[in-house]
Amino acid sequence: MKTLSPLLKDFEIPPFSEIETAHYKPAFKAALQEAREEIDMITAEEEPPSFKNTIEALEFSGSRLQRISAVFFNINAAETTPEIQKIAQEISPWLSRFQKI
């Protein structure tokens, strides 16, 4: 049975002791997919656009992706390794493409 990455669990304080380098890429992939689905739900809304169903919904979309990014880029800045730098090079284009949505 595959264990859920600690990065994909809800947390207020990152569970640094549970996070392994191998957790980052799969977590980014899952969180990017989740954020895209959240945006798709907003654009598919049949109700007329309102602050709540458009602006507020967009503000909260991608929250898991934001948390994972914050953890990852803080580790990259504070305790980087060649493996972390390689992941940063791989995921940065993913994040750039997502920001263009």
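The values are calculated or read from the model by the stated rules, or taken from the named source; none is laboratory data. Being a predicted model, the structure only gives us computed values, none of them experimental. Cβ: placed from backbone, ideal geometry, glycine included. Neighbour counts: every protein chain shown. To get the accessible areas, we keep the full protein, side chains included, count just its heavy atoms, and leave off ligands, DNA and RNA. Shrake-Rupley method; radii C 1.70, N 1.55, O 1.52, S 1.80 Å.
Restricted to segment 18-64, and to residues that are out of contact with any Asp or Glu (no Cβ under 9 Å at 6 or more places or on another chain) and basic (Lys, Arg), which residue is most open to solvent (accessible area, probe 1.4 Å)?
Lys52
Residues to consider are Lys29, Lys2; find the one that is at pLDDT 95 or above and among the charged types (D, E, K, R). Talk me through it step by step, then tell me what you get.
Details: Lys2 fails: at pLDDT 95 or above.
Checking each option against the conditions leaves just Lys29.
For the structure I just gave you, tell me whether Glu79 is at pLDDT below 95, more than 16 Å from the chain's Cα centre (by Cα) and surrounded by fewer than 13 Cβ atoms within 10 Å (Cβ to Cβ).
Here the answer is yes, as Glu79 does meet what is asked.
Kindly indicate whether any position in segment 84-101 is part of a loop (DSSP other than H, G, I, E, B) and in contact with a Lys or Arg (Cβ under 9 Å, 6 or more places away or on another chain). Outline the logic, then answer.
Applying the first criterion (part of a loop (DSSP other than H, G, I, E, B)) to segment 84-101 yields 100-101.
Checking which are in contact with a Lys or Arg (Cβ under 9 Å, 6 or more places away or on another chain) leaves us with 101.
Yes.
What pairs come up if the first residue lies in segment 52-64 and is under 20 Å from Lys25 (Cα atoms) and modelled with pLDDT under 95, the second is open to solvent by less than 50 Å² (accessible area, probe 1.4 Å) and β-branched (Val, Ile, Thr), and their beta carbons are under 9 Å apart, counting only those six or more places apart or on different chains?
Ser61/Ile39; Ser61/Ile42; Gly62/Ile39
Can you tell which of Ile75, Ile42 is part of a helix (DSSP H, G or I), in contact with a Leu (Cβ under 9 Å, 6 or more places away or on another chain) and without any contact (Cβ under 8 Å) to a residue 60 or more places away in the chain?
On the way: Ile75 fails: in contact with a Leu (Cβ under 9 Å, 6 or more places away or on another chain).
One residue alone meets the criteria, Ile42.
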